[in-house]
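The values are calculated or read from the model by the stated rules, or taken from the named source; none is laboratory data. Predicted model, so just to flag it, every value in this text is computed and none were measured. Positions of Cβ are generated from backbone atoms using ideal geometry, with glycine treated the same way; all protein chains shown enter the neighbour counts.
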Amino acid sequence: MMTHYVYIPGFNDRFDFLRRLALLRWKSRTSNVSFVTMRWSNKTEGYEQKYARVHEAINRIHDGEIILVGESAGGAMALLGFAYNLESVSNVITICGYNHGSTDIHEAYRRNKPAFYDTSRDAETALETLSVDSRRRITTIYSLADRVVAPTHSRIDDAHQVILDTKGHLRSIIRVLLKGPNGDY
C-alpha cells in the first residue's frame, strides 16, 4: 500500500526549496510526498485559503494511506486537516509543532501572521473534539531544548510523543527532515 505524506511547512517561506529538497529523501516505491505551500507571511490570505490548499492535497489522493505532517506553525494546520478529515487521513505527525496555546501567541505574531493565530485557535478547538482513539493517531516530535516552540505547546494528551535530544528549533526540524518520518531520531 502506498503511503502519501502531505507536508505542511512552518514560517520562513524562503526555506521551501530546501524543505522540498530534503523531502525527496522521503519518497520511495511505497511512499510519496506532497508539499503544501502556506505563505504564512501573506496578511491578505486568511487561514481558510491556506486550509483549502491542504484540503485539495488530501482530495487529490485516491488510494493508500494519508499522513499529514506539520512543521512548527504547520503543526496546527495539520491538526485541523486531521480533525476535519478523520475518515481519509490515517495519522498526523507534528514536528516541533505549535499545536496549541493560542492565548500565548505574542501580539506581534497575531498582527504579522494573523492566519497562524486563527489556525492555532481553531486547532485547539478541534483537538478538544477528538476522541482518545483519534488522539492516539497523532505523533508529536519535539525537543525539550526548543526555544521557539515550547514543549508544552507541542505535547498533546494521549498522542504518541517522540522527544528529541537536539538543541534548537531549526536543528530539530532539519534532523527529522533528513531522517524521514520513520527515522531513528
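For the reader, a short list of remarks on this structure follows.
- Looking across region 87-133, the residues that are touching a Ser or Thr at 6+ places or on another chain (Cβ under 9 Å), assigned to a loop (DSSP other than H, G, I, E, B) and touching a residue at least 24 places away in the same chain (Cβ under 8 Å) come down to S90, C96, G97, Y98, N99, H100, G101, K113.
- Where strands (runs of 3 or more DSSP E) fall wholly inside region 1-77, the ranges with 1 or more residues that are more than 25 Å from R155 (Cβ to Cβ) are 3-8, 31-35.
- Test result for A108, in contact with a Leu (Cβ under 8 Å, 6 or more places away or on another chain) and either at pLDDT below 95 or of a type in the set (G, A, S) (or both): no
- Taking first residues from region 34-60 that are closer than 18 Å to N12 by Cβ and modelled with pLDDT under 95 and partners that are of a type outside the set (D, E, K, R) and part of a loop (DSSP other than H, G, I, E, B), the Cβ contacts under 9 Å between residues at least 6 apart in sequence or on separate chains come to W40/P9; W40/G10; W40/F11; W40/N12; W40/A73; S41/F11; S41/N12.
- Odd one out for K27 among (1) at negative phi; (2) under 11 Å from the mean Cα position of the chain (by Cα): (2)
- R171 falls short of the stated requirement of being of a type in the set (D, E, K, R), modelled with pLDDT of 95 or more and over 25 Å from R39 (Cα atoms).
- Checked across region 87-94, the condition of being closer than 18 Å to Y7 by Cα and either surrounded by fewer than 17 Cβ atoms within 10 Å (Cβ to Cβ) or more than 14 Å from the chain's Cα centre (by Cα) (or both) holds for at least one residue.
- Among the residues of region 48-83, the ones that are under 15 Å from R135 (Cβ atoms) and not small (G, A, S) come to 4 in all.
- Candidate set from region 156-180 (those that are assigned to a loop (DSSP other than H, G, I, E, B) and out of contact with any strand residue (DSSP E or B) (no Cβ under 6 Å at 6 or more places or on another chain)); member that is farthest from R135 (Cα to Cα): G168
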